[in-house]
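Chemist: One structure, pasted below without further comment.
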Amino acid sequence: MNTIKSYVEAHKQRFIDELIELLKIPSISADPAYTQDVIDTSTAIKVSLEKAGCDHVEICETPGYPIVYGHKHISDDLPTVLVYGHYDVQPPDPLDLWESGPFEPIIKKTEIHPEGAIFARGSCDDKGQMYMHVKALELMNETDQLPCNVKFMIEGEEEVGSESLAWFVERNQEKLANDVILISDTGMISNTQPSITTGLRGLSYVEVEVTGPNRDLHSGLYGGAVANPINVLTKMIASLHDENNHITIPGFYDKVEELSKEERAEMAKAPFSLQEYKDALDIDDVYGEAGYTTNERNSIRPTLDVNGIWGGYTGEGAKTVIASKAYAKISMRLVPNQDWREITELFKTHFESLAPKGTTVKVTPHHGGQGYVTPIDNIGYQAASKAYEDTFGVPAIPQRSGGSIPIVSLFEKELKSKTILMGFGLNSDAIHSPNEHFGIFNYLKGIETIPLFYKYFTELSK
Ligand code: BES
Ligand code: MN
Ligand code: MN
């Protein structure tokens, strides 16, 4: 057995136990009730980086939650890898759908994870995947095989839009100077078919409010005679897609980068079973934009989805009422070349124009971000590819993901370096959902694969 494998084998129980401790802290960035827990998590990360062998670790204050920065410098003549991850997690709601407490990590076997998976909020997104990098650093340090310089930047606001990180990156270009950025916050195809994420979608997130009469009304006395904001809102939302499920906002597709036939054919080679996809979700058919496959719909095509909608009476029993207001939260996933600010403007103009007389509409933009595509003809990608092939025994496939990590395009702009997305999660790991989990196999494989990335990246840099 090589030193990497034997080190992981010898220390795996401790690696798991340490992650479990980290998962017990409810670092929910969206909810101010958990402020102290988020801050405590940053301290725990700092301590873990010091123990793993960083020369210097600091908690960097920002207008929001702190960023944990650490580095180990070996030589000015060697390349520098910058690791990014996040220690904040999504709210665990709805709580009643969890089989065990979201912050009481337990290990359970599943069909996909016969070796067991850790169930807890943040296990996969992103504490577990981020912590693989901390343990990989420990491994390289303890076995004297850290081949280059390393920097860590772990933030606590990813799940709420990374505003403070953008602030921090703009002010610390020199401190963060690097030759490649390495992130594990995405997924791979399966435990037998690794993939490297080569694209992320952008995002525009808005909230809309439709106002009708100045107060809630009796639906008998006024029904039929005034605009019902909920009826109006749902009609407006329904009109945002046509019969082919194309988005109807004028100009929405203008800048969308269309893939060539060859690129689409290449994509279609990735292993995928539509039947298994449907079975896993208990649906009898898929649904989406005409002319595109399921994997195209969820990666290279832009989308518009209602994430939440409310208004009127939703309590027990029936109440006859016409609400004064109706609301919805809407996200648009964007693809390369679409600018999220432009799309937000297009949405706002169009949506406001849909409001019938007797109503007013307000559109409030939330956060957003640009999409990203990584080229595969660079040494970062090649190093990742060689690393996966060594540990999985099969070559990794490039795959564009539907998710978003908006800060990645900002890294490219501010730090002028490419990001390599080495994700070890699976789509079935239920990130953002109840019963989120992360396979023990995936966690340990990550710790094993990351040091090889450093090795090959340093070799290829010469
Ligand atoms: N780690 C995810 C993004 C992700 C997951 C990308 C799997 C690709 C594959 C990240 O934490 C996330 O949830 N991002 C948000 C956007 C953010 C602005 C809240 C998302 O994609 O909804
Ligand atoms: Mn994440
Ligand atoms: Mn997330």
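The values are calculated or read from the model by the stated rules, or taken from the named source; none is laboratory data. If you're wondering where the values come from, they're calculated on a predicted model, not measured in any experiment. Cβ sites come from the backbone with ideal geometry, for glycine too, and all protein chains shown count toward neighbours. With ligands, DNA and RNA removed, areas are computed over all heavy atoms of the protein, side chains included. Shrake-Rupley method; radii C 1.70, N 1.55, O 1.52, S 1.80 Å.
Chemist: Given the options Val180, Val206, name the one that is within 22 Å of the chain's Cα centre (by Cα), assigned by TED's automatic domain parsing to the domain that holds Lys329 and either of a type in the set (Lys, Arg) or more than 16 Å from ligand 3 (Cβ to nearest atom) (or both). Spell out how you get there, then give the answer.
Modeler: Working: Val180 fails: assigned by TED's automatic domain parsing to the domain that holds Lys329.
After ruling out the rest, the residue left standing is Val206.
Chemist: Quick one: would you say Phe272 is among the aromatic types (Phe, Trp, Tyr) and open to solvent by less than 40 Å² (accessible area, probe 1.4 Å)?
Modeler: no
Chemist: I'm trying to understand the selection: among the residues of the range 120-150, which are part of a loop (DSSP other than H, G, I, E, B) and not aliphatic (A, V, I, L, M)?
Modeler: Answer for the range 120-150, where residues must be part of a loop (DSSP other than H, G, I, E, B) and not aliphatic (A, V, I, L, M): Arg121, Gly122, Ser123, Cys124, Asp125, Asp126, Thr143, Asp144, Gln145, Pro147, Cys148.
Chemist: Please find, within the range 423-456, the residue that is nearest to Pro395 (Cα to Cα) out of those that are within 15 Å of ligand 3 (Cβ to nearest atom) and among the aliphatic types (A, V, I, L, M).
Modeler: Leu426
Chemist: Which of the numbered conditions does Val180 fail, given that it passes all the others? Conditions: (1) in contact with a Lys or Arg (Cβ under 7 Å, 6 or more places away or on another chain); (2) β-branched (Val, Ile, Thr); (3) within 15 Å of Cys54 (Cα to Cα).
Modeler: Going through (1) in contact with a Lys or Arg (Cβ under 7 Å, 6 or more places away or on another chain); (2) β-branched (Val, Ile, Thr); (3) within 15 Å of Cys54 (Cα to Cα) one by one, Val180 breaks only (3).
Chemist: Does Gly312 count as at pLDDT 95 or above, farther than 27 Å from Leu240 by Cα and more than 16 Å from ligand 2 (Cβ to nearest atom)?
Modeler: Spelling it out, it is not the case that Gly312 is at pLDDT 95 or above, farther than 27 Å from Leu240 by Cα and more than 16 Å from ligand 2 (Cβ to nearest atom).
Chemist: Given the criteria part of a loop (DSSP other than H, G, I, E, B), more than 15 Å from ligand 2 (Cβ to nearest atom) and surrounded by fewer than 22 Cβ atoms within 10 Å (Cβ to Cβ), does Ser417 qualify? Give the derivation first.
Modeler: Working: part of a loop (DSSP other than H, G, I, E, B): yes; more than 15 Å from ligand 2 (Cβ to nearest atom): yes; surrounded by fewer than 22 Cβ atoms within 10 Å (Cβ to Cβ): yes.
Here the answer is yes, as Ser417 does meet what is asked.
Chemist: Six or more apart or on different chains, Cβ atoms under 8 Å: show the pairs whose first residue is in the range 66-80 and of a type in the set (D, E, K, R) and whose second is open to solvent by 30 Å² or more (accessible area, probe 1.4 Å) and assigned to a loop (DSSP other than H, G, I, E, B).
Modeler: Close Cβ pairs (under 8 Å, with a partner that is open to solvent by 30 Å² or more (accessible area, probe 1.4 Å) and assigned to a loop (DSSP other than H, G, I, E, B)) amount to Lys72/Asp55.
Chemist: State all residues of the range 250-284 that are in a loop (DSSP other than H, G, I, E, B), charged (D, E, K, R) and over 21 Å from Met188 (Cβ atoms); if no residue qualifies, say none.
Modeler: Of everything in the range 250-284, those that are in a loop (DSSP other than H, G, I, E, B), charged (D, E, K, R) and over 21 Å from Met188 (Cβ atoms) turn out to be Asp254, Lys255, Glu257, Glu258, Asp282, Asp284.
Listed here are the residues, each with its yes/no results for (1) out of contact with any strand residue (DSSP E or B) (no Cβ under 9 Å at 6 or more places or on another chain); (2) open to solvent by less than 50 Å² (accessible area, probe 1.4 Å); (3) polar (S, T, N, Q); (4) closer than 20 Å to His432 by Cβ.
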residue	(1), (2), (3), (4)
Ile4	yes, yes, no, no
Glu9	yes, no, no, no
Gln13	yes, no, yes, no
Leu49	no, yes, no, no
Pro66	no, yes, no, no
Thr80	no, yes, yes, no
Tyr84	no, yes, no, yes
Pro94	yes, no, no, yes
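Chemist: Just name the residue that is most open to solvent (accessible area, probe 1.4 Å) out of those in the range 391-414 that are within 12 Å of ligand 1 (Cβ to nearest atom) and within 21 Å of Thr294 (Cβ to Cβ).
Modeler: Ranking the qualifying residues of the range 391-414, first place goes to Gln399.
Chemist: Related question: Return yes or no: is Ser461 open to solvent by 30 Å² or more (accessible area, probe 1.4 Å), in contact (Cβ under 8 Å) with a residue 24 or more places away in the chain and within 16 Å of ligand 2 (Cβ to nearest atom)? Reasoning before the result, please.
Modeler: On the way: open to solvent by 30 Å² or more (accessible area, probe 1.4 Å): yes; in contact (Cβ under 8 Å) with a residue 24 or more places away in the chain: yes; within 16 Å of ligand 2 (Cβ to nearest atom): no.
Here the answer is no, as Ser461 does not meet what is asked.
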